[in-house]
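Once you've had a glance at the structure underneath, I'll fire off some questions.
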Amino acid sequence: MFALFAAFLANDVQRRNAAAQAAVFREAEGVRTILRLCEALGEVAEPAKRAALGYAQFVLSEELPALRQRGSVADNLGALRSLAFALLAPSLAASAPPAVQTAMLQGLTTVREARLERLSLAGDISAPLNWLAVIALGVLTQIAVAVVQLDKIRPQALALFVFTTAFATTVALIGLGERPFSGRIIDFTPLGEAIASASS
């Protein structure tokens, strides 16, 4: 029963981590799309290109360290608003073909939605009841293991040592992934690659 509940909890943590990584990939792809379209338009789209690069650099230099240090971050919309204003600028709207402008706005929508999901997942944790159930079942299983070998001290000690080690390791490993952005679980390389692609 302990293993079953631990597997459910680990699956919940893994699902959240996978969703967080997917959000980062979508965010980077939205930035990359905007950059490619800006480069195709040339000089008129240079402010939008700078705003897209500024947004990606803001995420990497300010939001990412804050997420890794505290596990969550204040919703600072300054860089995202600058990008939106640059894409909606009258000069860009007048110069860009409708299809290109639509694609740029779709890229902005992708960035915005992915960022919202990323920030939402950053503050999300498993239900405390799930953790309580896993720990309670782990303790009860320890008691059951001890009771089985009441008359044999050495086998009892060995069984308790093995299970306690497995119990502590399992809970620790699940706990390390509880907040996806607090460690190195989520890879932000895609955003860095988007910035690098614009510089090349």
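Picking from Leu132, Leu140, Leu121, which residue would you name as being out of contact with any Ser or Thr (no Cβ under 7 Å at 6 or more places or on another chain), buried (at least 16 other Cβ atoms within 10 Å of the Cβ) and within 22 Å of Phe8 (Cβ to Cβ)? Write out each step before concluding.
Values: Leu132 fails: buried (at least 16 other Cβ atoms within 10 Å of the Cβ); Leu140 fails: buried (at least 16 other Cβ atoms within 10 Å of the Cβ).
Going through Leu132, Leu140, Leu121 in turn, just one is out of contact with any Ser or Thr (no Cβ under 7 Å at 6 or more places or on another chain), buried (at least 16 other Cβ atoms within 10 Å of the Cβ) and within 22 Å of Phe8 (Cβ to Cβ): Leu121.
Turning to a different aspect of this structure: Six or more apart or on different chains, Cβ under 6 Å: which pairs go from a residue in the stretch 40-58 that's part of a helix (DSSP H, G or I) to one that's β-branched (Val, Ile, Thr) and surrounded by fewer than 17 Cβ atoms within 10 Å (Cβ to Cβ)? Could you list them?
Listed pairs, sorted by first residue: none to list.
Now for a different question. Against the definition (in contact (Cβ under 8 Å) with a residue 12 or more places away in the chain, aromatic (Phe, Trp, Tyr) and either surrounded by 14 or more Cβ atoms within 10 Å (Cβ to Cβ) or over 18 Å from Ala66 (Cβ atoms) (or both)), how does Phe161 come out, yes or no?
Details: in contact (Cβ under 8 Å) with a residue 12 or more places away in the chain: no; aromatic (Phe, Trp, Tyr): yes; either surrounded by 14 or more Cβ atoms within 10 Å (Cβ to Cβ) or over 18 Å from Ala66 (Cβ atoms) (or both): yes.
Spelling it out, it is not the case that Phe161 is in contact (Cβ under 8 Å) with a residue 12 or more places away in the chain, aromatic (Phe, Trp, Tyr) and either surrounded by 14 or more Cβ atoms within 10 Å (Cβ to Cβ) or over 18 Å from Ala66 (Cβ atoms) (or both).
Another one. Test Gly30 against the stated conditions and say whether it is part of a helix (DSSP H, G or I), touching a Ser or Thr at 6+ places or on another chain (Cβ under 7 Å) and either at pLDDT below 90 or crowded, with 20+ Cβ neighbours inside 10 Å (or both). Even if it seems obvious, please write down each step before you answer.
Values: part of a helix (DSSP H, G or I): yes; touching a Ser or Thr at 6+ places or on another chain (Cβ under 7 Å): yes; either at pLDDT below 90 or crowded, with 20+ Cβ neighbours inside 10 Å (or both): yes.
So Gly30 passes the test.
Scanning the stretch 157-186 for residues that are of a type in the set (Phe, Trp, Tyr) and part of a helix (DSSP H, G or I), which turns out nearest to the chain's Cα centre (by Cα)?
Start the filter on the stretch 157-186 by keeping residues that are of a type in the set (Phe, Trp, Tyr), which leaves 161, 163, 167, 181.
Remaining after also requiring part of a helix (DSSP H, G or I): 161, 163, 167.
On the way: Phe161: 35, Phe163: 32, Phe167: 27 Å.
In this case the residue turns out to be Phe167.
If you don't mind, there's one more thing I want to ask. Yes or no: the stretch 159-178 includes at least one residue that is in contact with a helix residue (DSSP H, G or I) (Cβ under 8 Å, 6 or more places away or on another chain), modelled with pLDDT under 85 and within 20 Å of Glu117 (Cβ to Cβ).
Yes, because at least one residue in the stretch 159-178 is in contact with a helix residue (DSSP H, G or I) (Cβ under 8 Å, 6 or more places away or on another chain), modelled with pLDDT under 85 and within 20 Å of Glu117 (Cβ to Cβ).
Right, here's the next one. If a residue has to be modelled with pLDDT of 85 or more and either within 18 Å of Ala194 (Cβ to Cβ) or in contact with a helix residue (DSSP H, G or I) (Cβ under 7 Å, 6 or more places away or on another chain) (or both) to count, how many in the stretch 65-85 make the cut? Steps first, please.
Taking the stretch 65-85 as the starting set, the residues that turn out to be modelled with pLDDT of 85 or more are 78-85.
Still in the list and also either within 18 Å of Ala194 (Cβ to Cβ) or in contact with a helix residue (DSSP H, G or I) (Cβ under 7 Å, 6 or more places away or on another chain) (or both): 79-80, 82-84.
Residues in the stretch 65-85 being modelled with pLDDT of 85 or more and either within 18 Å of Ala194 (Cβ to Cβ) or in contact with a helix residue (DSSP H, G or I) (Cβ under 7 Å, 6 or more places away or on another chain) (or both): 5 in total.
The values are calculated or read from the model by the stated rules, or taken from the named source; none is laboratory data. Note that this is a predicted model, so its numbers are computed, not measured. Cβ coordinates were reconstructed from backbone atoms using ideal geometry, including for glycine residues, and neighbour counts include every protein chain displayed.
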